[in-house]
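The next block holds one structure in the form of structure tokens; read it before the comments.
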Amino acid sequence: MQLRPSQIPAEVMQVVNGLTGGGFEAWVVGGCVRDLLLERSPSDWDVTTNATPEQIQALFENTFYTNEFGTVGVVNDGAVDETLKVVEVTPYRLEGKYTDARRPDSVIFSQKIEDDLKRRDFTINALAYSPDKGQLLDLYDGIKDISTGLLRAVGEPRARFEEDALRILRAVRIAAQLGFAIEGATLAAMAECAGQLEKISKERVRDEFVRIVNSSNPKEALVLSHKIGILKYVLPELEQGIGIDQNQAHKYDVFEHNLRALQHAADKGWPFDVRLAALLHDIGKPKARRWSDEKKDWTFHGHEVVGAKMTKKILESLKFSRETIDKISNLVRWHMFFSDPEKVTLSAVRRIIVNVGKDNIGQLIELRICDRIGTGRPKEQPFRLRKYQAMIDEALRDPISVGMLKIDGRVLIEKLGEKPGPRIGWTLHALLEEVLDDPTKNTAEYMETRAGELLKLSDTELETLGASGKESKEVAEEAEIKDIHKKHFVD
Ligand code: ATP
Ligand code: MG
């Protein structure tokens with residue numbers, strides 16, 4: 001395997017030429033070299049040099065310091081490709097001792113590229129290419145490992161994972177992304193050091209987890225994570241599904257089912273949110289499982305409500321954004337909707353759109369497909385999906401938000417004499433509830449007459465009718481689940 005200078009993008013070449021023109025060495029290094037050799041597009045570009053951070057900064061117009069490791073970002077505002085807007089330049093580094101399995105105690109700059117390659121995590125990531133020398137430096141047989149598809153630690157694996165436990169998760173992630181196997185001694189050391197992952201910050205764990213989920217082999221990666229004892233530092237709740245057998249409709253336990261659902265989303269190339277929702281959709285099942293003597297089978301009433309709550313907690317602890325947390329827990333909350341053909345009436349579809357949001361309804365269908373494939377049953381019947389899609393299209397033409405009603409707050413105040421205040425919102429939401437059941441009611445006349453009637457109600461009555469009673473709906477829902485459990489099951 002060889003590389004040609006023409007494979008290096010112009011933005012990176014400019015940085016390399018800037019450094020060599022200033023009398024320094026410059027190597028394109030790490031993951032981007034690996035990706036070039038694999039004919040994959042690098043997600044970022046790193047250059048390493050014998051120049052100090054100050055010397056690097058002096059050579060380029062627009063730079064900034066990115067971290068405490070001496071990395072200088074060279075900015076290229078003109079770049080169209082996002083991955084080329086900043087090229088990271090780092091002096092050759094020798095790492096000091098690690099005492100916390102997270103960060104080196106000190107960073108020492110070096111004058112030798114060999115030192116820098118020695119501290120890198122895996123042989124396939126320890127390759128450096130010098131366009132001006134036309135040399136591909138491969139001190140650890142990384143090229144051989146690339147050609148056989150093997151991930152192998154640089155140096156003594158156990159010592160490397162003890163230095164920085166994040167490397168364990170990086171190994172699982174990179175293997176999943178590239179479809180590589182992990183070399184025996186490396187894998188054994190990962191399992192031995194698993195406990196050290198506890199010290200790694202949730203944010204860094206999350207970033208690797210996201211990449212695993214976005215890879216083409218997330219199922220295999222998560223099974224491996226379980227086997228080597230690291231899944232409990234990433235998503236322990238998933239492991240509760242191991243050995244939790246389901247009812248007759250399912251071939252697999254809850255763990256395997258969740259993973260298969262995720263893998264289907266990956267096979268389809270669906271976006272991260274669908275993948276994550278698929279992975280978590282049945283996370284509440286172990287807690288919600290009850291034996292029914294009547295049915296002589298397991299039941300899981302309310303598992304989507306339990307699951308949505310768990311999802312929220314899980315994603316909060318992994319420091320996901322509020323937006324992601326709300327969206328994924330919402331998808332989990334409503335994932336049973338299209339599973340039950342009885343529920344799928346047009347007015348129910350309008351309500352589900354209100355609940356998951358217009359923009360997410362398509363992903364709810366994708367989640368439904370993942371769920372079904374995850375049971376090991378054949379494909380979703382296409383006619384059923386087409387029917388659902390047609391209903392969604394139709395429902396989307398109907399009024400599904402207060403803003404789409406043929407009445408607004410002004411009418412309530414100016415024509416019907418109501419004072420501004422919360423009663424306005426309650427009334428509009430109560431009207432929307434009626435229109436969701438029957439869109440033909442959405443006429444100016446009917447809305448006004450009905451609003452007049454509603455405004456005669458007391459605050460409490462009106463509030464319960466309006467959707468601001470949502471919270472009370474949730475409380476009622478939980479009571480209902482408890483009730484179901486009491487009625488039908490042992491505990
Ligand atoms: P990605 O495709 O996510 O960019 P990558 O392997 O390039 O994967 P980066 O985080 O971009 O990962 O890091 C660039 C290079 O820095 C790696 O290829 C590796 O050589 C080195 N590196 C990154 N993190 C570590 C680490 N924790 N320990 C040792 N070397 C590391
Ligand atoms: Mg990279």
The stretch 419-466 versus the stretch 228-260: alpha-carbon centroid distance in Å: 45
Degrees, to the nearest 10: 202-214 long Cα axis against longest axis of the chain: 80
Estimated FRET transfer efficiency when R0 is 45 angstrom, pair TYR98-GLN2 (beta carbons, to 0.05): 0.80
Residue pairs, from the table LYS219/LYS287; LYS285/LYS312; LYS199/LYS312; LYS232/LYS313; LYS227/LYS268; LYS144/LYS227, whose Cα atoms sit over 18 Å apart: LYS219/LYS287; LYS199/LYS312; LYS227/LYS268; LYS144/LYS227
The stretch 392-399 - phi-based ³J(HN,Hα) in whole Hz, Karplus 6.51/-1.76/1.60, Gly and Pro as x: 5, 4, 5, 4, 5, 7, 7, x
The chain - charge dipole about Cα centre, Lys and Arg +1 at Cβ, Asp and Glu -1, debye rounded to 20: 1080
Between the stretch 30-60 and the stretch 170-200, the alpha-carbon center distance in angstrom: 24
Sites excluded, GluC sites (Glu not before Pro) in DSSP loops with at most 11 other C-beta within 10 Å, longest stretch of the chain: 69-293
Length released on extending from VAL80 to ARG204, taking residue separation times 0.36 nm less the Cα-Cα span: 41.8 nm
Eligible lysines near LYS133 by straight Cα distance, threshold 16 Å, same-chain separation 8 or greater: LYS112
Kirkwood hydrodynamic radius of the chain, from inverse mean 1/r over distinct Cα pairs, in Å: 26.3
Alpha-carbon centroid distance for the pair the stretch 83-146 / the stretch 283-360, whole angstrom: 46
Amide proton proximity set for TYR98, modelled H, under 5 Å, gap of 5+: ASP105
Residues GLN389 and ASP326, FRET efficiency given R0 of 25 Å [Cβ-Cβ distance, rounded to 0.05]: 0.50
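Here, each number is a calculation from the coordinates, and none is a lab measurement. This structure is a prediction, so every number in the text was calculated from the model and none was measured. FYI the Cβ positions are ideal-geometry reconstructions off the backbone, even for glycines, and counts take in every protein chain you see.
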